[in-house]
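Asks: Structure in structure tokens, see below.
The values are calculated or read from the model by the stated rules, or taken from the named source; none is laboratory data. If you're wondering where the values come from, they're calculated on a predicted model, not measured in any experiment. No Cβ is skipped: glycine too gets one built from the backbone with ideal geometry, and neighbour counts run over all protein chains shown. For the accessible areas, the whole protein counts, side chains as well, though only heavy atoms, and no ligand, DNA or RNA atoms are used. Shrake-Rupley method; radii C 1.70, N 1.55, O 1.52, S 1.80 Å.
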Amino acid sequence: QVQLVQSGAEVKKPGASVKISCKASGYTFTTYTIHWVRQAPGQRLEWVAWINIGNANTMYSHNVQGRVTLSRDTSASTAYMELGSLRSEDTAIYYCAREATAYSLFYWGQGTLVTVSS
Amino acid sequence: DIVMTQSPLSLPVTPGEPASISCRSSQSLLHSNGNTYLEWFLQKPGRSPQLLIYMVSNRASGVPDRFSGSGSGTDFTLKISRVEAEDIGVYYCMQALQAPRTFGQGTKVEIK
């Protein structure tokens, strides 16, 4: 069965960087695009970026463009999101999600809490 | 960016009764290929979102048939025919037509 398992919670200081991983299993990793979605405390879901695992093409939200980098390691079936110049408003749960039928986000990771605090 | 607006934002429900959530987009979600890319998610407390509906009206695998989606263009509706206690949580609509994908504010469904 398809699974996305994310790395553990992180606490970072403002200005630092964080790199989150999303390890996939149960399918051919290079076949599907992976998205990153975040949710600040008490807020709505916010789409952050996507990466086409096959060709490494990426697309980023305006809110994080210039600060976020998506990458993947096909040998480890793992996708990564690195967010730099962290601000308090980046405090959120970050989810990875895999596309399925008609680009829908059917499979989700368990989420990674990133806390930015001095 | 496409703005997604849901109503109501809070919905008290009685088990066994129907419920309905509305979602409106700031522009049509109809793609040139004829498909309309509107999805519905349920986020239960402390859990990751789960896909309920894709392309307006297609139930995702494993979703009970009491959930149904309808609509076209810019106006969409999620209906629960008979609410069950396990349906509580926050429901989000999301457009998948173009990047950035955008979500509605969420509708919190709770038992009366």
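Results for (1) among the polar types (S, T, N, Q); (2) buried (at least 17 other Cβ atoms within 10 Å of the Cβ); (3) within 14 Å of chain B (Cβ to nearest Cβ), shown as yes or no for each residue.
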residue: A:V2; (1), (2), (3): no, no, yes
residue: A:S17; (1), (2), (3): yes, no, no
residue: A:E46; (1), (2), (3): no, yes, yes
residue: A:G54; (1), (2), (3): no, no, no
residue: A:S61; (1), (2), (3): yes, yes, yes
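Asks: Note down all Cβ pairs under 9 Å where the first residue falls in the range A:44-61 and is part of a strand (DSSP E or B), the second is among the charged types (D, E, K, R) and buried (at least 17 other Cβ atoms within 10 Å of the Cβ), and they're at least six residues apart or on different chains.
Replies: Between residues of the range A:44-61 that are part of a strand (DSSP E or B) and residues that are among the charged types (D, E, K, R) and buried (at least 17 other Cβ atoms within 10 Å of the Cβ), the close pairs are A:E46/A:R38; A:W47/A:R38; A:W47/B:R101; A:V48/A:R38; A:W50/A:E99; A:W50/B:R101; A:I51/A:R72.
Asks: Sort out which residues of the range B:99-112 are more than 9 Å from every other protein chain (Cβ to nearest Cβ) and modelled with pLDDT under 95, and write them in order of number. Before the answer, list the steps.
Replies: Keep residues of the range B:99-112 that are more than 9 Å from every other protein chain (Cβ to nearest Cβ), which gives B:107-112.
Result: B:I111, B:K112.
Asks: Also, quick follow-up: Just to be sure I understand the filter: pairs with C-beta atoms under 8 Å, separated by 6 or more residues or on different chains, first member in the range B:49-65 and of a type outside the set (D, E, K, R), second member in a loop (DSSP other than H, G, I, E, B) and surrounded by fewer than 16 Cβ atoms within 10 Å (Cβ to Cβ). Which pairs pass?
Replies: Pairs that qualify, where the first residue is of a type outside the set (D, E, K, R) and the partner is in a loop (DSSP other than H, G, I, E, B) and surrounded by fewer than 16 Cβ atoms within 10 Å (Cβ to Cβ), are B:Q50/B:K44.
Asks: Also: Tell me the residue from B:Y92, B:Y54, B:Y37 that is touching an Asp or Glu at 6+ places or on another chain (Cβ under 6 Å), aromatic (F, W, Y), modelled with pLDDT of 95 or more and at negative phi, please.
Replies: Values: B:Y92 fails: touching an Asp or Glu at 6+ places or on another chain (Cβ under 6 Å); B:Y37 fails: touching an Asp or Glu at 6+ places or on another chain (Cβ under 6 Å).
Only one candidate qualifies: B:Y54.
Asks: Further question on the same structure: Hey, can you tell me all the residues within the range A:20-77 that are among the small types (G, A, S) and more than 24 Å from A:T115 (Cβ to Cβ)? Before you say what the answer is, go through the steps one by one.
Replies: Residues of the range A:20-77 among the small types (G, A, S): A:21, A:24-26, A:40, A:42, A:49, A:54, A:56, A:61, A:66, A:71, A:75-77.
Residues satisfying the conditions are A:A24, A:S25, A:G26, A:G54, A:A56, A:S75, A:A76, A:S77.
Condition check ((1) within 12 Å of chain A (Cβ to nearest Cβ); (2) open to solvent by less than 40 Å² (accessible area, probe 1.4 Å); (3) not small (G, A, S)) across all residues:
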| residue | (1), (2), (3) |
| --- | --- |
| B:L11 | no, yes, yes |
| B:P15 | no, no, yes |
| B:T36 | yes, yes, yes |
| B:W40 | yes, yes, yes |
| B:P49 | yes, yes, yes |
| B:L52 | yes, yes, yes |
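Asks: Which number in (1) free of Cβ contacts under 8 Å to residues at least 40 places away in the same chain; (2) open to solvent by 50 Å² or more (accessible area, probe 1.4 Å) marks the one condition that B:E110 misses?
Replies: The failed condition is (1).
Asks: Would you please name the residue that is most open to solvent (accessible area, probe 1.4 Å), looking only at residues in the range B:60-73 that are more than 14 Å from chain A (Cβ to nearest Cβ) and touching a Leu at 6+ places or on another chain (Cβ under 8 Å)?
Replies: The first filter runs over the range B:60-73 and keeps only residues more than 14 Å from chain A (Cβ to nearest Cβ), leaving B:64-68, B:70-73.
Adding the requirement that they be touching a Leu at 6+ places or on another chain (Cβ under 8 Å) leaves B:67-68, B:71-73.
On the way: B:F67: 6, B:S68: 50, B:G71: 43, B:S72: 80, B:G73: 24 Å².
Top of the filtered list is B:S72.
Asks: Across the range B:74-95, which residue is farthest from B:Y37 (Cα to Cα) among those that are surrounded by 20 or more Cβ atoms within 10 Å (Cβ to Cβ), touching a Cys at 6+ places or on another chain (Cβ under 8 Å) and away from chain A (no Cβ under 14 Å)?
Replies: Filtering first and then ranking leaves B:L78.
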